[in-house]
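The values are calculated or read from the model by the stated rules, or taken from the named source; none is laboratory data. Please read these numbers as outputs of a predicted model, since none were measured by experiment. Quick reminder, even Gly has a Cβ in these numbers, built from the backbone with ideal geometry, and neighbours come from all protein chains shown.
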């Protein structure tokens with residue numbers, strides 16, 4: 001994979017810019033620069049000393065100059081910026097023109113906990129920890145809250161936003177890589193694309209494309225749909241991809257409307273279905289306008305059932321983001337909701353107009369969710385395809401770790417499973 005732009009990480013102190021930046025640089029094989037480290041190296045003093053001796057204005061001037069040097073001289077680097085870099089308009093303009101920015105979102109309390117933990121770790125190692133200049137005072141939490149309030153409008157203007165709450169730095173790096181791939185910032189060499197025709201009802205294409213999420217508008221245009229489309233996702237996927245997809249759809253001439261359901265199996269209910277009907281009716285959604293289900297199995301089932309029953313059936317596009325959904329639930333037209341007396345007791349078979357599978361979205365999954373998906377893939381191998389099972393055994397470590405995106409391998413496995421589902425995956429039910 002290759003990227004053509006600098007990657008600038010922005011966010012509060014304690015958001016993990018330096019640590020996550022190093023991981024990204026290593027996994028993407030890109031140079032890494034930490035602006036604060038460059039300032040200290042040039043001045044020969046710690047940041048706190050620079051603030052004390054020369055003042056914040058001098059520090060900000062150094063910051064802007066070194067940021068410009070890195071951005072101009074290195075066209076393909078990961079850059080960890082200082083928390084206040086966004087306060088100057090010239091820096092914001094430079095970042096936007098010379099690369100892509102990622103806002104590492106963190107709440108002030110979590111940021112302070114991380115900073116305190118770093119402080120104690122350095123003390124335990126016999127080092128003299130440095131105190132952040134803007135956090136000196138009797139109430140550093142209040143200072144962080146003020147910083148966030150003052151800067152949030154600039155942070156939120158980033159190209160991408162990634163929450164760091166309750167996630168390891170490795171998980172955050174994986175999510176950022178997945179967002180880059182699905183937006184087209186990271187491009188596979190060569191592009192990986194497979195189209196399989198599902199010959200059920202009127203027939204539809206199942207497209208497996210690494211980075212296909214960013215090319216959703218191109219696939220939709222082939223369906224000759226009306227420009228207004230209804231994108232429905234859950235709260236987890238919303239944070240990762242909703243903004244990017246809404247932007248690409250709008251740029252391509254579509255008129256996307258967005259609806260978000262709470263993440264989790266509890267949303268696969270009559271109550272959530274009714275709320276979804278209410279929204280579609282208020283939007284005056286028409287029979288020819290498509291509903292796009294973006295998410296895992298819960299979203300696909302719920303939204304698929306809504307599409308099957310609203311106005312007696314409207315066009316449905318399935319965009320599964322979990323492994324289980326990509327190899328099973330999004331294929332074959334199964335839709336439905338749960339009942340208080342059991343799962344999937346209410347539903348129907350309703351085939352989509354398109355299934356678009358982007359295996360890059362699997363990079364954002366927690367290990368447990370990936371494992372659940374692999375269990376279904378293993379069933380395909382055991383029951384229907386010994387060659388698939390042998391490949392899973394051979395590459396078990398690679399598929400388990402996911403530290404480097406195994407793009408071709410993932411796409412081949414998903415393609416295999418879709419083909420098997422077409423030819424008799426009922427054996428895996």
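Scanning the stretch 20-39 for residues that are farther than 19 Å from residue 72 by Cα and crowded, with 17+ Cβ neighbours inside 10 Å yields 20, 23, 24, 27, 28. The number of residues in the stretch 354-402 being more than 20 Å from the chain's Cα centre (by Cα) and outside any helix (DSSP H, G or I) comes to 3. Can you find even one residue in the stretch 271-291 that is in a strand (DSSP E or B) and in contact (Cβ under 8 Å) with a residue 24 or more places away in the chain? So far as the stretch 271-291 goes, yes, one or more of its residues are in a strand (DSSP E or B) and in contact (Cβ under 8 Å) with a residue 24 or more places away in the chain. Within the stretch 241-258, does at least one residue satisfy the condition of being within 21 Å of residue 346 (Cα to Cα), in contact with a strand residue (DSSP E or B) (Cβ under 7 Å, 6 or more places away or on another chain) and surrounded by 14 or more Cβ atoms within 10 Å (Cβ to Cβ)? The answer is no, given that none of the residues of the stretch 241-258 is within 21 Å of residue 346 (Cα to Cα), in contact with a strand residue (DSSP E or B) (Cβ under 7 Å, 6 or more places away or on another chain) and surrounded by 14 or more Cβ atoms within 10 Å (Cβ to Cβ). Reported count of residues in the stretch 47-78, each being modelled with pLDDT under 85 and part of a loop (DSSP other than H, G, I, E, B), is 3. Candidates are the residues of the stretch 155-180 that are part of a helix (DSSP H, G or I) and either assigned by TED's automatic domain parsing to the domain that holds residue 213 or touching a strand residue (DSSP E or B) at 6+ places or on another chain (Cβ under 8 Å) (or both); the one that is nearest to residue 319 (Cα to Cα) is 179. Within the stretch 63-97, being closer than 22 Å to residue 149 by Cβ and in contact (Cβ under 8 Å) with a residue 60 or more places away in the chain holds for 81, 83, 84, 85, 86, 87, 92, 95.
All conditions in (1) modelled with pLDDT under 90; (2) crowded, with 16+ Cβ neighbours inside 10 Å hold for residue 86, with the sole exception of (1).
Only a single criterion out of (1) closer than 30 Å to residue 166 by Cα; (2) modelled with pLDDT of 90 or more; (3) surrounded by fewer than 21 Cβ atoms within 10 Å (Cβ to Cβ) is not satisfied by residue 115, namely (2). In the stretch 109-129, the residues that are more than 24 Å from residue 145 (Cβ to Cβ) and assigned by TED's automatic domain parsing to the domain that holds residue 145 reach residues that are modelled with pLDDT under 85 and in a helix (DSSP H, G or I) with C-beta atoms within less than 9 angstrom, at least six apart or across chains, in these pairs: 127/121; 128/122. Looking only at the stretch 99-112, count how many residues are crowded, with 19+ Cβ neighbours inside 10 Å, under 23 Å from the mean Cα position of the chain (by Cα) and in a helix (DSSP H, G or I). Residues meeting the conditions: 2.
Yes/no per residue for (1) crowded, with 19+ Cβ neighbours inside 10 Å; (2) within 30 Å of residue 180 (Cα to Cα); (3) in contact with a helix residue (DSSP H, G or I) (Cβ under 8 Å, 6 or more places away or on another chain):
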residue	(1), (2), (3)
320	yes, yes, yes
334	yes, no, yes
340	no, no, no
357	yes, yes, yes
363	yes, yes, yes
372	no, yes, yes
378	no, yes, yes
410	yes, yes, yes
415	yes, yes, no
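Contact map, the stretch 138-151: first residue outside the structural domain of residue 107 (by TED's automatic domain parsing), second residue not in a helix (DSSP H, G or I), Cβ cut-off under 8 Å, separation 6 or more or different chains; the map is empty.
Is it true that some residue in the stretch 275-289 is surrounded by 14 or more Cβ atoms within 10 Å (Cβ to Cβ) and under 22 Å from the mean Cα position of the chain (by Cα)? Taking every residue of the stretch 275-289 in turn, none turns out to be surrounded by 14 or more Cβ atoms within 10 Å (Cβ to Cβ) and under 22 Å from the mean Cα position of the chain (by Cα).
If you check 307, 325 for being touching a strand residue (DSSP E or B) at 6+ places or on another chain (Cβ under 8 Å), over 26 Å from residue 412 (Cβ atoms) and assigned to a helix (DSSP H, G or I), only one passes: 307.
One line per residue, one yes/no per condition, for (1) on the phi > 0 side of the Ramachandran plot; (2) touching a residue at least 40 places away in the same chain (Cβ under 8 Å):
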| site | (1), (2) |
| --- | --- |
| 215 | no, no |
| 224 | yes, no |
| 230 | no, yes |
| 234 | no, yes |
| 239 | no, yes |
| 243 | no, yes |
| 250 | no, no |
| 256 | no, no |
| 263 | no, no |
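State whether the residues of the stretch 194-208 include one that is assigned to a helix (DSSP H, G or I) and surrounded by fewer than 18 Cβ atoms within 10 Å (Cβ to Cβ). No - not one qualifying residue is present in the stretch 194-208. In the set (1) farther than 27 Å from residue 271 by Cα; (2) out of contact with any helix residue (DSSP H, G or I) (no Cβ under 9 Å at 6 or more places or on another chain); (3) surrounded by 19 or more Cβ atoms within 10 Å (Cβ to Cβ), residue 401 fails one condition alone, (3).
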